[in-house]
Amino acid sequence: MSLGGFTAPAVARAQGPTEDAAPSPVALAEAAFREGAERFRLGEYLLAAQAFRRAQEASPHPDTRYNLARSLESAGDLAGALREWLAYREEVAAPDERRAADARISALRARPVEVFVASDPLEAEVTLDAESAPAGTTPLRVRLRPGAHVLIARRAGFRDRVQRVEVEVGTPLDLTLRLEAEAPAPSAPAAPAAPSADERIFSRRRSGFLGWFSGRVGATFGVAWPVQSMRFANGLDLTLFLRRIVALQLHVLRIEDAGSPFTVLGELGWVYAADDIDLGLFLHAGALLDCAQACPEGTSNRELVAGGTVRADVVVHPHIGVGLFARFSWLNLEITRSESLLSSLGFSVSLYL
């Protein structure tokens, strides 16, 4: 029978119930159906859906399910409406009824669903599926058709977050995409800068004692002129540097002569250290020993000497130097007497410590 545009299912009434008997399922279904039709007419779609559901539970019928699906769809319960339309399609056999159900199912499956997208941290660009341009920055709302989608969130300093989302018909969705901070890229070690001239100089002036002192030991070879006669000589130098300027030096020189005299000198000097060259000026004082046959006539076997030294060393390796020296000494400080002059000239090989 027709109820204001609704078609009530045709049912056979039961025979013989007594007046006091409980209502039959068919009667309950008819009453619920009439209520649902009235609620739908008044725009009370959710109450209409409840009434049609009671009718369907009391006495299932495709017409009742049809009206239940319409009510749910009008009430905004699209997921519930889709389930009822799918069930209705399986219950009817007429082609036109199936086509009508298919049309409603396709329409529901194509209706976009609202998805709210947030991120931690915020202000991340969100790209949807294969789109090239971002849909916006978080937080944002997008409308997606039901089905599978891929969201990509990007923000500078963080790894891209790729999230697969399954959107269901009529079911709004809230998403929070958490981004992981990128690890800082390892920086390539800077190439060591070539040492400056001062650094190269200091490298052979430093030592373990507060970085103020360094040393040098060297072997010397050359000639000496005791009493105006040239003799071969060899010796040893021990030097202590104070930074770049001041040097204390012990010099021992053995003269090849009868009796093998030798000089022992303590030297205090100023050193100018260039890139690979040391230039030094020293004042010295000491003694000429075992010089009975080398000292001027009338002197003793041990004579005091004093004078000056000029020295130049070329550093051919960070710890090796080759140099030239010239020393001028006077016995007993008798500078005016040429016989008192004791000079030596030669070269040295030194090891910087």
| So, counting K/R as plus one and D/E as minus one, what does the shell of residues with Cβ under 12 Å around Ala37 add up to? | -1
| query | With labels modelled as points extended 7 Å from the Cα through the Cβ direction, what inter-label distance (nm, one decimal) is found for Thr171 paired with Val150? | reply | 2.2 nm
| said: Between Leu304 and Asp276, how high is the FRET efficiency from 1/(1 + (r/R0)^6) when r is the Cβ-Cβ distance and R₀ = 30 Å? Nearest 0.05. | reply: 0.25
| query | Local charge sum around Arg54 (other residues, Cβ-Cβ under 13 Å, Lys/Arg +1, Asp/Glu -1)? | reply | +1
| query | Per-residue accessible area for Leu122 at 1.4 Å probe radius, Å² rounded to 10? | reply | 90 Å²
| said: Taking 0.36 nm per residue of sequence separation and subtracting the Cα-Cα distance, how much length would be gained by fully extending the chain between Ser187 and Glu123, in nm to one decimal? | reply: 20.2 nm
| said: Explain nothing, just compute: Karplus ³J(HN,Hα) = 6.51 cos²θ - 1.76 cosθ + 1.60, θ = phi - 60°, for every residue of the stretch 97-107 in order, whole Hz, x for Gly and Pro. | reply: 5, 5, 5, 5, 5, 4, 5, 5, 5, 5, 5
| field | Surface share of carbon and sulfur [accessible, 1.4 angstrom probe, percent] for the stretch 26-137 | value | 51 percent
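The values are calculated or read from the model by the stated rules, or taken from the named source; none is laboratory data. Just so it is clear, the model here is predicted, and its values are computed rather than measured. Glycine also receives a Cβ, built like all others from the backbone with ideal geometry; neighbour counts cover every protein chain displayed. Remember, those area values only see protein heavy atoms, side chains included, never the ligands or the DNA or RNA. Shrake-Rupley method; radii C 1.70, N 1.55, O 1.52, S 1.80 Å.
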